[in-house]
Amino acid sequence: NAGVMQNPRHLVRRRGQEARLRCSPMKGHSHVYWYRQLPEEGLKFMVYLQKENIIDESGMPKERFSAEFPKEGPSILRIQQVVRGDSAAYFCASSPGGSLRDTQYFGPGTRLTVL
Amino acid sequence: AQSVTQLDSQVPVFEEAPVELRCNYSSSVSVYLFWYVQYPNQGLQLLLKYLSGSTLVESINGFEAEFNKSQTSFHLRKPSVHISDTAEYFCAVSSSGNTPLVFGKGTRLSVIA
């Protein structure tokens with residue numbers, strides 16, 4: 001059973017470009033979480049999605065950031081018009097259900113660098 | 001809102017020595033606690049978790065953590081560390097229900113031969 005897959009592993013963008021980060025959850029998992037890790041910081045929750053639904057987006061910046069988890073295909077975190085402050089590691093986690101007894105399994109992350 | 005404090009950003013320790021990584025959380029009526037480990041260039045892996053029951057929880061690789069409600073702590077311990085334990089360790093907390101994990105800033109454990 002493959003783990004959580006994220007691609008690309010490294011992404012370089014210039015200011016003003018768009019960044020698209022993909023996350024394929026583990027087989028059988030229908031819940032996806034996105035976290036951001038800034039340098040020297042812990043992970044900060046961004047958004048929690050279930051298939052085709054956003055359950056909790058309380059950690060998402062109000063502008064430029066969006067996330068989706070379509071019925072088919074990976075979850076996508078999109079950052080429009082990137083700025084230098086968006087440089088960070090973005091981690092995706094998946095779980096089979098939404099309860100705390102359902103362990104969140106993390107992917108290897110996408111390291112975004114904005115020039 | 002929940003918060004997690006990991007007081008030590010870096011902990012160097014000699015191989016086979018004991019180690020304790022400290023974690024304190026803000027109080028809540030009910031709380032669930034987790035330790036994750038992150039090896040270089042990898043994602044986080046769950047090390048152990050406390051949901052209910054016995055306040056002492058153990059992992060398969062010799063780590064243990066004790067939930068102390070009165071001190072709002074969930075310190076991670078290992079009696080004898082190995083070089084392979086070198087990694088970053090994150091403490092996380094969540095309240096009951098479908099609330100997201102809140103992470104501490106992490107503690108970088110460096111095991112010295």
When you check B:Val57 against the structure, is it without any contact (Cβ under 8 Å) to a residue 12 or more places away in the chain, under 30 Å from A:Val47 (Cβ atoms) and either within 14 Å of another protein chain (Cβ to nearest Cβ) or of a type in the set (D, E, K, R) (or both), yes or no? yes
Out of (1) within 14 Å of chain B (Cβ to nearest Cβ); (2) closer than 17 Å to A:Cys23 by Cα; (3) surrounded by fewer than 22 Cβ atoms within 10 Å (Cβ to Cβ); (4) not hydrophobic (A, V, I, L, M, F, W, C), the odd one out for A:Gly73 is which? (1)
Could you say whether any residue in the stretch A:11-27 is touching a residue at least 60 places away in the same chain (Cβ under 8 Å), surrounded by 13 or more Cβ atoms within 10 Å (Cβ to Cβ) and closer than 24 Å to B:Val31 by Cβ? no
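So that you can scan it fast, the table gives a plain yes or no per residue for (1) under 16 Å from the mean Cα position of the chain (by Cα); (2) surrounded by 15 or more Cβ atoms within 10 Å (Cβ to Cβ):
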| residue | (1), (2) |
| --- | --- |
| B:Val13 | no, yes |
| B:Pro18 | yes, no |
| B:Arg22 | yes, yes |
| B:Val29 | no, no |
| B:Tyr32 | yes, yes |
| B:Trp35 | yes, yes |
| B:Gln42 | no, no |
| B:Leu46 | yes, yes |
| B:Lys49 | yes, yes |
By my count, strands (runs of 3 or more DSSP E) wholly in the stretch B:24-105 with at least 1 residues that are within 22 Å of A:Ala89 (Cα to Cα) are B:31-38, B:44-50, B:87-95
Kindly establish whether B:Val57 is touching a Leu at 6+ places or on another chain (Cβ under 7 Å), modelled with pLDDT under 95 and buried (at least 17 other Cβ atoms within 10 Å of the Cβ). yes
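The values are calculated or read from the model by the stated rules, or taken from the named source; none is laboratory data. Being a predicted model, the structure only gives us computed values, none of them experimental. Cβ: placed from backbone, ideal geometry, glycine included. Neighbour counts: every protein chain shown.
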